[in-house]
Each structure stands twice: as C-alpha cells, then as structure tokens.
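Visitor: There's a structure below that I have some questions on.
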C-alpha cells in the first residue's frame, strides 16, 4: 500500500478539527504559530481557538487555567519555545498542579531537531527530550512519520494527562505503510537483527534505516526499533526484545550525552539488568551557526549517515567479532 | 469584619510563634483584603465542596504571604481548626508555602508570578462555559516584576475578561528591599489603566474602603478586567517588622525570636 507522506502537524490538526466538531470541551491555544489546517480551526471554532501572541509563558498559564476548568487543551508553538521559554510554567502549573487537579493538556511542539534547517540554533531544538522527560506526569511523544502522529492523537483526547509531542516541521517518509504501530507499546520493532539493535526516534529513525542498508552490505544483520513514546513505553516489552541482543546504538536528533534518548536507554538498560554494550549517536554537544541542508548539518554534528557510520561500523564489527571469539 | 481581621492577625502571629519558619511579615499585609473577600460576601464558595463548579475562584498568588489564609479557611470550615496546630509537621497539609492539597486552594503559588496568568485562563474558561462566577487573584507587588504577569494583563483586557478581579497587596517591599529601590511600581494604577483595565487605588488596611471599591467594581459593567491596588504595610501592626525593608527575610536568633514574640503577645494584650 502506497501512502503519500503528509506533514505531521497537518495530520494532527486535521484530527483536532474533527474532534472539535464533536466535542465542545476541546480548546486550541496557539502562540502566534499557524498552518493552513489551523486556519480551518480558527474559522470554524472562534470561541475555542485563541492566539495568545508571541507569549509562551502566557500560552501555558492560559492552558493550565482552561485545563483545570475541564477543557481538553491543545497548545501549539515552535518546539524550542513551547518547551524552554516557558519551562517553569510547564513545571508548576501543569506537571506539579496535575498532581492535585486532573487535566488533559497536549503541548504540540513543531520543529524537532534540525527541522527548521535555515533558521539556526534558536529555532532548532536539541534539548527538548532531555528537559521534558525530566518532568513527572508528562509523556514525551516523538513520532517518525505522519501515520504514528495520527495514531497518537486518539489517546490524547480519550484520557486525562500531560503530553508533549515533538513533531518534525518537514514531511517525512511513511514508516508504517500497512498499519500504524501499537501506540500503547511506545515502540515498534521494524527489523529483527542479530547481536546489535538500533534504537531511534523521530527523524533519526529514517537515518537508522539508511545506515542499516550500509551495515547490511558488510553482511551484518542489525535490528531496528522506532521508539515514539520516550517516557511511557512498555518496559517489559522492550526488555524482552533487547534480551536477545548484545549491543544497542541509540539515534537522536538531540545532544549526545545530555540526558536525552541515550541517557533514557542507559537508565533503562541498568534498571532492567540487561547486559548490553552501548553506542550513542546524537548531536555533538555544542552550538553551531553553520548553514546547509539538513543532511549537511547532520554530517557536521555527527548524526549524518556518513559521520554516524564512522562510529557505528567499528562498533558493530567489534561486537560481531567478540561474539565469534 | 474589623474584629475578624483582628482575630486573623492574632491567629497568624500565633501560628508564626509556633512555627517560625512560616513567613509572617508578608502574611500581615493582606489580612484586611482577604477578610473582605472571604467574609464580605464577595466569594461564593462551599467549604464542604471546595471544587463546586459554581464557586467564585480565588487564587492567592502571593504564596509566601498567605499564612493568614490558614485560620480563615479553617474558620470557614474548609478544614478542621485542629489542623492549625499541626502546621509544618509530618502528615500536615499546612506547609510553609501553601499548596492546593489544602482545601480552598486552587493552584500552585509557591513560585511567584504564576497566579494571575492561570487565573486569566480560568476566567477565559468560565466565560466560554458561560459560567458567571468571578475570579479573584491576590498578588503581591514584588511578583509583578515577573514578565508573565504582563502577558496576562495584556491578554485579559484584549479578551474583555470582566470576570477577572486582581487585588495587589501593594506593601512596596520585595525580599531584599523596598520595590522603589529595586524596580519601582509607582504609577501602577496608570500602568494597568493604560493596559485597558479598570483600576483604582485604596488603603488596603481600611476594610470599609476595600469593600466599597470591590463592590463598586462589581457593579460597573464596562467589559474590562478589574484591579485594585491596595496600599498596605508589610509586617502590619508589629513594631520593628512593620515596613522594614528586610522584613521578609529577617531571621534573628531563636532566643531573639522568642523575645520578639513575647513582646508581640504583650502588644496584643495591651491593644485589647
């Protein structure tokens, strides 16, 4: 089945529009950030759509006020701004307050990683996984395609809770052409392998597949997991999958070794008492003002196919040889 | 209500004497404001059902300075007065800074400058739900240095949230100094007015005046959010503490605290 890849945000907004026409308790708040589909929401539900302006702190405060009064709120802005500009508002009036006041809040951050390619480091986002997963009560969703994004929506409306969705600003290839992943699992094993398993999130899942092709040429068979819920995946399920491997490689479009996907997996491995060697593929922890295509930028910071392969090939080779010995 | 305010003042000092870690100076400035709100018929609430949908919402944004809320809420029946004796102890819900585990509290306010924004969201929600309850917010003046307040102030007037009522306990002292020596809030009435609010200034220790202004605003239909800048004194009524620039963090040795508290009790008895 051939599915045309679509922008994650438009698929998600379309679902919100549908649900808003059925459920009068859904409210949409934007920090002056739009999309053609959002125009439809704005026009059709003027009493439940508000643009707070370029004011993310107020975006979160208004969201919190609406949410404790029973509205299911979708708040929408560029990823680094909706997470970092207003982090204490998120901590105090969402994460903390939700301990005592039930609420349903979904923060939609568009522009994961380098997806705002030419806008530079203010608009790019390499820290959001780290800081958002630090907050209890928040789930962090990091889909790799529009199919996953669409599937994540239903849970956002059906149950109370706090969620952060980091969406890519560019259209990504479809990873699930036949059927969507089981969202409650939080991850999906795409390809089974031997000894080494790649665990990737968001855009980097596509990179992991490209690297897999190269690694396959060397005759090595490697597994690939797409992890799209970075906080509430089924731990037993992932443990069961990883038990048959000797090593993992983590892939994220965020800083390496700074508390992101790599740290989360190391914590999981330790907690699950898994005996796995690890390699982390993430952005070199420094800021850069260089320009180029997303792929060129990725090569410069160590997460492009070629620059990552340089680290992965010897790692995989060592693991395979260790096994043989 | 004057007697009630005096009683709250005494109880607040007693609570502080028992648990000196609880801030007292900033809890003495808003007493009359809170007494007017809670005993003056302005807040429609049901202590047996703190989250009753038709209640008026009251957000105490100045978390540090609301020790005086504990006797008020207990007196109104939000919780048992016996709880007051357990404050700050293990198992008690009455902390040094109040949290919404205390019946009668709506939001988290230990970190300053959050109350007004969340209250603005609540006011918007009530308008959209066509619930005609009011939202009151009590802030300090020091926390108005937080920029998020001004995002909310712009938002509230633009969206004509006339169900939103801000009362600033303007004791003019932040943690380290008078706000005039930090960043002055002089002209606050003009500032809020120019932001599209209906705003007046009042003597925050004059119960009749506070009551009169709230009533006047309540009866004015101009589609504007309302603010009252209540001029107050930090550490009100306590010699040595009142209006002292460091009253918020004055931390004398324990024996000096005991001596000070004994003097306060003496003053109280004298007053009576």
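Visitor: If I take R0 = 22 Å and measure r between the Cβ atoms of residue B:85 and residue B:7 in this structure, what FRET efficiency does the formula 1/(1 + (r/R0)^6) give, to the nearest 0.05? All intermediate terms of the calculation are to be shown ahead of the outcome.
Guide: Values: r = 17 Å, r/R0 = 0.75.
That gives a FRET efficiency of 0.85.
Visitor: Compute the helix-to-body angle for A:146-158: its Cα long axis versus the longest principal axis of chain A, expressed 0 to 90° and rounded to tens.
Guide: 50
Visitor: Mean-square fluctuation check for chain A, GNM, Cα pairs under 10 Å: which of A:223, A:186, A:120 is largest?
Guide: A:120
Visitor: Going by Cα centres, segment A:284-316 and segment B:176-221 are how many Å apart?
Guide: When both Cα centres are located, 57 Å separates them.
Visitor: Same structure again: With labels modelled as points extended 7 Å from the Cα through the Cβ direction, what inter-label distance (nm, one decimal) is found for residue B:158 paired with residue A:235?
Guide: Here the modelled spin labels are 4.4 nm apart.
Visitor: For segment A:1-93, compute the orientation-averaged projected area of the C-alpha convex hull (one quarter of its surface), in nm².
Guide: 6.9
Visitor: Right, next: Give me the number: length gained by fully extending residue A:274 to residue A:293, i.e. 0.36 nm times residue separation minus the C-alpha to C-alpha distance, one decimal in nm. Write down the numbers at each step before the final one.
Guide: Values: separation 19, 0.36 × 19 = 6.84 nm, distance 3.81 nm.
Length difference between fully extended and current span is 3.0 nm.
Visitor: What residues from segment A:75-114 fall in the zone where the backbone N is under 18 Å from a label point 7 Å along the Cα-to-C-beta line of residue A:122?
Guide: A:77-87, A:110-114
Visitor: Right, here's the next one. Compute the label zone of residue A:218 within segment A:243-281: residues whose backbone N is under 20 Å from the point 7 Å along Cα-to-Cβ.
Guide: From segment A:243-281, the list is A:245-252, A:276-281.
Visitor: What do you get for the angle between helix A:56-68 and the principal long axis of chain A? Use alpha-carbon atoms, 0 to 90 degrees, nearest ten.
Guide: That helix lies at roughly 70 degrees to the long axis.
Visitor: Relative to the longest principal Cα axis of chain B, at what angle does helix B:254-271 sit, 0 to 90 degrees, rounded to 10?
Guide: 70
Visitor: Sorting B:232, A:159, B:193, B:107 on the 10 Å Cβ count, fewest up front, what's the list?
Guide: A:159, B:193, B:232, B:107
Visitor: Rounded to the nearest 500, what is the 222 nm mean residue ellipticity of chain A from helices alone, with -39500 (n - 2.57) per DSSP H run of 4+ residues and division by all residues?
Guide: Details: 11 runs with 121 residues, N = 325.
Helices in chain A give a 222 nm mean residue ellipticity of -11500 deg cm²/dmol.
Visitor: Quantify how much of the Cα-Cα distance distribution of segment A:187-324 extends past 24 Å, in percent. Intermediate results must be reported in sequence, preceding the final value.
Guide: Working: 2345 of 9453 pairs.
Cα-Cα pairs in segment A:187-324 separated by more than 24 Å: 25 percent.
Visitor: Over 5 Å intervals from 0, what percent of Cα-Cα pairs in segment B:2-271 sits in each interval?
Guide: 1, 6, 13, 18, 20, 18, 12, 7, 3, 1, 0, 0
Visitor: Calculated FRET efficiency, residue B:223 and residue A:286, Cβ-Cβ r, R0 41 Å, to nearest 0.05? Don't skip to the answer; put the middle values down first.
Guide: Numbers: r = 52 Å, r/R0 = 1.26.
So, using R0 = 41 Å, E works out to roughly 0.20.
Visitor: Share of antiparallel DSSP beta bridges in segment B:2-271, in percent to the nearest 5? It would help to have the intermediate numbers written out before the result.
Guide: On the way: 1 of 23 bridges.
The antiparallel proportion sits near 5 percent.
Visitor: Continuing with this model, one more query. In Å, what is the Rg of the alpha-carbon atoms in segment B:1-63, and how long is Dmax?
Guide: Cα only, segment B:1-63: 13.3, 37 Å (Rg, Dmax).
Visitor: Would you mind ranking B:223, B:234 so that the residue whose beta carbon has the fewest other beta carbons within 10 Å leads the list?
Guide: Exposure proxy ranking, most exposed first: B:223, B:234.
Visitor: Mind checking which of A:49, A:74, A:255 has the largest fluctuation in a GNM of chain A, springs on alpha carbons under 10 Å?
Guide: Maximum among the listed residues: A:49.
Visitor: Among B:27, B:133, B:174, whose mean-square fluctuation peaks in a Gaussian network model of chain B (Cα, cutoff 10 Å)?
Guide: Answer for the Gaussian network model of chain B: B:133.
Visitor: Computed FRET efficiency, Cβ-Cβ of residue B:246 and residue A:39, R0 60 Å: what is it to the nearest 0.05? Don't skip to the answer; put the middle values down first.
Guide: Values: r = 54 Å, r/R0 = 0.91.
Efficiency, rounded to the nearest 0.05: 0.65.
Visitor: Cut-off 20 Å, label point 7 angstrom out along Cα-to-Cβ of residue A:23: give me the residues of segment A:73-93 whose amide nitrogen falls inside.
Guide: Hits in segment A:73-93 for residue A:23 at 20 Å: A:73-77.
Visitor: Okay, moving on. How much length, in nm to one decimal, is gained on full extension between residue A:191 and residue A:309, taken as 0.36 nm per residue of separation minus their Cα-Cα distance? Please report the intermediate quantities before stating the final value.
Guide: On the way: separation 118, 0.36 × 118 = 42.48 nm, distance 1.84 nm.
Net length gain for the segment: 40.6 nm.
Visitor: How many times 2.2 N^0.38 Å is the alpha carbon radius of gyration of the protein assembly as shown?
Guide: Cα Rg divided by the expected 2.2 N^0.38 Å: 1.12.
Visitor: Right, here's the next one. Using the count of nearby Cβ atoms within 10 Å as a rough guide to exposure, how do B:48, A:98 rank from fewest to most? Could you put the intermediate results ahead of the total?
Guide: On the way: B:48 9, A:98 22.
The fewest-first ordering by Cβ neighbours comes to B:48, A:98.
We did not get these values from a lab; they are worked out from the coordinates using the rules stated. Because the structure is predicted, anything quoted here is derived from the model rather than measured. Ideal geometry is used to build each Cβ from the backbone, glycine not excepted, and the neighbour counts take in all protein chains shown.
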